[in-house]
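Data first, discussion second: the structure below is written as structure tokens.
The values are calculated or read from the model by the stated rules, or taken from the named source; none is laboratory data. Not measured: the values here are computed from a predicted model. Backbone-built Cβ (ideal geometry, glycine too); neighbour counts: all protein chains shown.
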Amino acid sequence: MTAKEWAGRIALYTILILVTIVVCFPLIWAFFTSVKPKDEIFLWPPTLWPNVWTFENYTSLFAGKQAYFQGGSAASSAPPPSAFFLDWFLNSVIVAVGTTLISTIVSTLAAYSLTRFRFPGQRAVPYLALVGYMVPSIIFVFPMFLVMADLRLTDTLLSLILGYVCITLPFSLWLMWAFFRGVPIEIEEAALVDGASRLRVFFEIVLPTAWPGIVAAAIFTLIVSWNDYLFGRVFMNTMENLPLTVGVMHFFDGTHVDWGLMMASSVLMTVPMAILFALLQRHLVAGFGAGAVKG
């Protein structure tokens, strides 16, 4: 490489590093705040780097309920919100994984049928699904709440899963439909002529080919169901059943905010999605790009 090429590459990476720092700065600030003692959080002027490091906030979140009951105060007062953090985290994992599995499987099968079979209204289905995705979710939440109440599913994780499927399935269907349209049908026809069954063709040829699109739809669904606040706020009532996004709001107590617990919760909520996104970003970009170009 010439000196000019080296200089251009160094300048490019410098800009990328600076942009990354700016984008990630809220998470960096949240992490350093979460490991500060409570009195140091309110120092003025504020400091980024802690003078004293403490992991008390993380200990309170992970051992909250156990420490509360071992302390013998169970009969005297209600558990603090931090005692339910692990319950909230597990609830969010169950809801996000359940929503992702249902939405991805249904959208994949539906998109495949839309691109491989003929039936009345076939052309209208993807566009109607996209219109459904464009409607704000707040319009759906209260009618769905009434439906869940009639089915006696309110304050259950199943109600959240069904609610999130309703708002993620339209876009996942559109994405997978656009992707399957770009998969050559001649490959499947050749396999069928050679004696392979439709089911075998689907699992051994179609799914591996459509893997980037499936990953893109799954990541989109996972992020939406992990980060949503509205459905959890309306559907859930008991403290143990809350998802993370709603549960951490209980760290606000009137005018008092436990910023240490809030920042620690923010870090623990963000890091799993960031790691997953980093591991699957290549498939995600390929899936969205293929759907946009081929669809």
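Any residue in region 72-79 that is part of a loop (DSSP other than H, G, I, E, B), at pLDDT below 85 and in contact with a Lys or Arg (Cβ under 8 Å, 6 or more places away or on another chain)? Yes: one or more hits. Taken together, GLY291, GLY247 contain a single residue that is at pLDDT below 70 and assigned to a helix (DSSP H, G or I), which is GLY291. I need a count of the residues in region 132-157 that are part of a helix (DSSP H, G or I) and touching a helix residue (DSSP H, G or I) at 6+ places or on another chain (Cβ under 8 Å). Counting residues in region 132-157 that are part of a helix (DSSP H, G or I) and touching a helix residue (DSSP H, G or I) at 6+ places or on another chain (Cβ under 8 Å) gives 11.
Being of a type outside the set (Lys, Arg) and closer than 30 Å to ARG200 by Cβ holds for only one residue in VAL141, VAL97, and it is VAL97. When the residues of region 20-53 are filtered to those that are surrounded by 15 or more Cβ atoms within 10 Å (Cβ to Cβ) and among the hydroxyl-bearing types (Ser, Thr, Tyr), which remaining residue is nearest to the chain's Cα centre (by Cα)? Only one residue fits best here, namely SER34.
Close Cβ contacts (under 8 Å, 6 or more residues apart or on different chains) running from residues in region 37-55 that are not assigned by TED's automatic domain parsing to the domain that holds VAL267 to residues that are surrounded by fewer than 11 Cβ atoms within 10 Å (Cβ to Cβ) comprise PRO37/VAL52; GLU40/ASN51; GLU40/VAL52. One residue stands out in region 158-203 among those that are within 16 Å of SER113 (Cα to Cα), small (Gly, Ala, Ser) and part of a loop (DSSP other than H, G, I, E, B): the one that is modelled with the lowest pLDDT, namely GLY182.
Residues that are modelled with pLDDT under 85 and farther than 27 Å from MET262 by Cβ are absent from region 20-40 altogether.
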